[in-house]
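First comes the structure, then the notes that go with it.
The values are calculated or read from the model by the stated rules, or taken from the named source; none is laboratory data. Just so we're clear, the structure is a prediction, and the values are computed from it rather than from any experiment. Note: ideal-geometry Cβ built from the backbone for every residue, glycine included; neighbour counts use all protein chains shown.
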Amino acid sequence: MDRMKPMDPITATPEWLALARHFETVRDRHLRDLFAEDPRRGETMTLEAADLFLDYSKQRITAETVPLLVAVAERAGLRRRIDAMFNGEKINVTEDRAVLHVALRAPEDAVIEVDGANVVPEVHAVLRKMASFAERVRDGSWTGYTGRRIRTVINIGIGGSDLGPAMAYEALKDSSLREMDFRFVSNVDGTDLFEAVHPLDPAETLFIVSSKTFTTLETLTNARTARGWLLNSSHGLGDEAAVAKHFVAVSTNESEVRNFGIDPANMFEFWDWVGGRYSMDSAIGLSLMIAIGKNHFREMLDGFHAIDEHFRTAPLERNMPVLMGMLGVWYGDLFGAETQAVLPYSQHLVRFPDYLQQLEMESNGKRVRLDGSPVEMQTGPTVWGTPGTSGQHAYYQLLHQGTKLIPADFIGFLAPSHEVGQHHDLLMANLFAQTEALAFGRTHEEVEAEGVPAWLAPHKEMPGNRPTNTILAPALTPRTLGELVALYEHRVFTMGTIWGIDSFDQWGVELGKALAQRIVPELQATDEPDLRHDSSTNALIRRYRSARER
Ligand code: F6P
């Protein structure tokens, strides 16, 4: 897409207007009636992709809705844009970059070109380098400076250089080397690093400094403090030479890695065509590969690739990420929903909603289109959630009886991660019960028929008609985790295409970073600084300085 060419708003197209007219006929329909009219709805409104099964029958749609949504997607050029991504075109226009996370999981014989050069061989070369290092750490042949084997790996990174491996490590703990410990430090709050290293022995600790740019304040601050801890003469190793055995880097920026003091031989490379929040399959996944081993890591990449192929080739109306993306547009732009809940019924997916927050909100939290004109519709939702069933006893009340419409994705696994008593049956019964209750609720009549007094009945009535997806996979494995993440990546892509935005930049995070850099010396100055912020910010800085006796 030419970045300067003015774009026609999707909302002015006949396809969108047809969808909007259709919406008027559907908005007040209840799922109770839609299910009563079509008894097979629960079997037909389903889709399979690789190992994933999607039941979208509890969505507020009719048989006409999907073709109308697909017509909008076609009008927005989704097919062309998918091809552009897979062909290495520079679809991240504001940064003039290709967007090729799909190349990170492509098989070795694939050809994916950026500026005329096939990137797949270098992807596999780095995977081999990672695998060789990971195996040496796992089998103990990579030792620390004093010859002891590494027992704890600490990934220092933030955002996309933290959330992917942190989320996947939790998800795949059952596939990990349990005798090693893996920790993830991201926050510049010194507590994060302090708590991570506090009980550890530096001689057995390996730090992986992960940063695409290698200039990120939090990561470099944490990495410097970690180096101080390692070299500290009272409890640490006391010799600069130890850094080479206890620090490795993952980055696109070799010169900054060298400046930090890490030998480029111990650097694992990736490329500017990998966005931070799309980088867990690159060398950013090194900590994860050490945890789960190269074979499980490959299985995860194969899962990603299976969904990439589905997204690239399946017809749009049977394309799972496309359908989920278009349902996101349906609720956000027609029903006016502002948030999207993602509710995994697996404790191992405890970090999955955090991961999706960056993926969706940093990608689609945009207000102008590729041509710089305002998007005159709602863009990315606020994404949130926690593993079931804990949330049921906290915030589900609002999902069931609150005044807000919150579409929710329920994710479950047919086989448990841990076969413990009847836990899994109870877990899955709750998942199925929640989507049933959200869809069908309990009518006033049903409540009264139970003998509830008239004054209490409105409080006990459940309106229902709350839309959900149910996503099921056979089990949580490296492969199905890869499939799930790719599913959401391509859902994000689909929605960004409809809105005509750049889902791959993140300019909105820059101002806060720049202002913080300006405020740091004002907090630390020994003389009273000349504060030129607004009155609130000035007063807050003075209050802090005074508490710190500056
Ligand atoms: O500040 C946002 C961001 O740039 C994210 O997009 C990125 O994932 C994160 O910071 C970390 O960046 P880096 O890997 O360059 O340290």
**OP:** Considering (1) free of Cβ contacts under 8 Å to residues at least 24 places away in the same chain; (2) under 30 Å from residue 326 (Cβ atoms); (3) β-branched (Val, Ile, Thr), say which one residue 541 fails and leave the rest.
**Re:** (2)
Original post:
Out of the stretch 99-118, which residues are farther than 20 Å from residue 371 by Cβ and of a type in the set (A, V, I, L, M)?
Top reply: 100, 102, 103, 104, 106, 110, 111, 112, 114, 117
Original post:
Could you list, in sequence order, the residues of the stretch 436-461 that are part of a helix (DSSP H, G or I) and under 21 Å from residue 402 (Cβ atoms)?
Top reply: 436, 437, 438, 439, 440, 444, 446, 447, 457, 458, 459, 460
Original post:
Do we find that residue 213 is in a loop (DSSP other than H, G, I, E, B), over 25 Å from residue 136 (Cβ atoms) and not basic (Lys, Arg) in this structure?
Top reply: yes
Subject >> Some residue of the stretch 517-539 being more than 30 Å from residue 291 (Cα to Cα) and either within 22 Å of the chain's Cα centre (by Cα) or within 16 Å of the ligand (Cβ to nearest atom) (or both) >> reply: yes
Original post:
Looking at the stretch 199-241, which of its residues are of a type in the set (Gly, Ala, Ser) and either touching a residue at least 24 places away in the same chain (Cβ under 8 Å) or within 16 Å of the ligand (Cβ to nearest atom) (or both)?
Top reply: 203, 210, 211, 223, 226, 236, 241
Subject >> Filter result (touching a residue at least 24 places away in the same chain (Cβ under 8 Å) and more than 22 Å from the chain's Cα centre (by Cα)) within the stretch 94-114 >> reply: 107, 112, 113, 114
Original post:
Got a number for residues in the stretch 209-260 being over 28 Å from residue 515 (Cα atoms) and under 31 Å from the mean Cα position of the chain (by Cα)?
Top reply: 3
Original post:
Within the stretch 168-198, how many residues are crowded, with 24+ Cβ neighbours inside 10 Å, within 13 Å of the ligand (Cβ to nearest atom) and not in a strand (DSSP E or B)?
Top reply: 0
Subject >> Residue in the stretch 136-150 that is within 26 Å of the chain's Cα centre (by Cα), part of a helix (DSSP H, G or I) and of a type in the set (A, V, I, L, M) present >> reply: no
**OP:** May I ask you to verify whether residue 160 is buried (at least 20 other Cβ atoms within 10 Å of the Cβ), touching a residue at least 24 places away in the same chain (Cβ under 8 Å), within 16 Å of the ligand (Cβ to nearest atom) and farther than 11 Å from residue 291 by Cβ?
**Re:** yes
Original post:
Hey, among 332, 325, 365, 336, which residue is within 26 Å of residue 19 (Cβ to Cβ), within 16 Å of the ligand (Cβ to nearest atom) and small (Gly, Ala, Ser)?
Top reply: 365
**OP:** Residues being in contact with a Leu (Cβ under 7 Å, 6 or more places away or on another chain) and within 16 Å of the ligand (Cβ to nearest atom): count how many of those fall in the stretch 489-500.
**Re:** 2
Original post:
Inside the stretch 15-87, counting only helices (runs of 4 or more DSSP H) that do not spill past its ends, which hold 2 or more residues that are of a type in the set (A, V, I, L, M)?
Top reply: 31-37, 65-75, 78-86
Original post:
Hey, among 67, 9, 14, which residue is farther than 27 Å from residue 489 by Cβ and not charged (D, E, K, R)?
Top reply: 14
**OP:** Please verify whether the stretch 94-115 includes one or more residues that are within 16 Å of the ligand (Cβ to nearest atom) and assigned to a strand (DSSP E or B).
**Re:** yes
Original post:
For the stretch 242-258, how many residues meet the condition of being surrounded by fewer than 23 Cβ atoms within 10 Å (Cβ to Cβ) and within 15 Å of the ligand (Cβ to nearest atom)?
Top reply: 5
Subject >> Tabulated pairs, the stretch 32-58, first over 14 Å from residue 467 (Cβ atoms), second aromatic (Phe, Trp, Tyr) and assigned to a strand (DSSP E or B), C-beta under 7 angstrom, 6+ apart or interchain >> reply: 46/53
Subject >> Sole residue being out of contact with any helix residue (DSSP H, G or I) (no Cβ under 9 Å at 6 or more places or on another chain) and of a type outside the set (Ser, Thr, Tyr), chosen from 192, 181, 174 >> reply: 181
Original post:
How do the pairs read when you match residues in the stretch 499-515 that are β-branched (Val, Ile, Thr) with residues anywhere that are at pLDDT 95 or above, using Cβ under 7 Å and keeping only pairs 6 or more apart or on different chains?
Top reply: 501/364; 501/366; 501/369; 501/370; 501/375; 501/379
**OP:** Only one of these is at pLDDT 95 or above and closer than 23 Å to residue 339 by Cα: 458, 467, 453. Name it.
**Re:** 467
Subject >> Test: residue in the stretch 285-305 that is within 16 Å of the ligand (Cβ to nearest atom), of a type in the set (Ser, Thr, Tyr) and closer than 26 Å to residue 517 by Cβ >> reply: no
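Yes/no per residue for (1) exposed (fewer than 11 other Cβ atoms within 10 Å of the Cβ); (2) of a type in the set (A, V, I, L, M, F, W, C); (3) out of contact with any helix residue (DSSP H, G or I) (no Cβ under 7 Å at 6 or more places or on another chain):
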position: 498; (1), (2), (3): no, yes, no
position: 502; (1), (2), (3): no, no, yes
position: 508; (1), (2), (3): no, no, yes
position: 511; (1), (2), (3): yes, yes, yes
position: 516; (1), (2), (3): no, yes, yes
position: 524; (1), (2), (3): no, no, yes
position: 527; (1), (2), (3): yes, no, yes
position: 530; (1), (2), (3): yes, no, yes
position: 536; (1), (2), (3): yes, no, yes
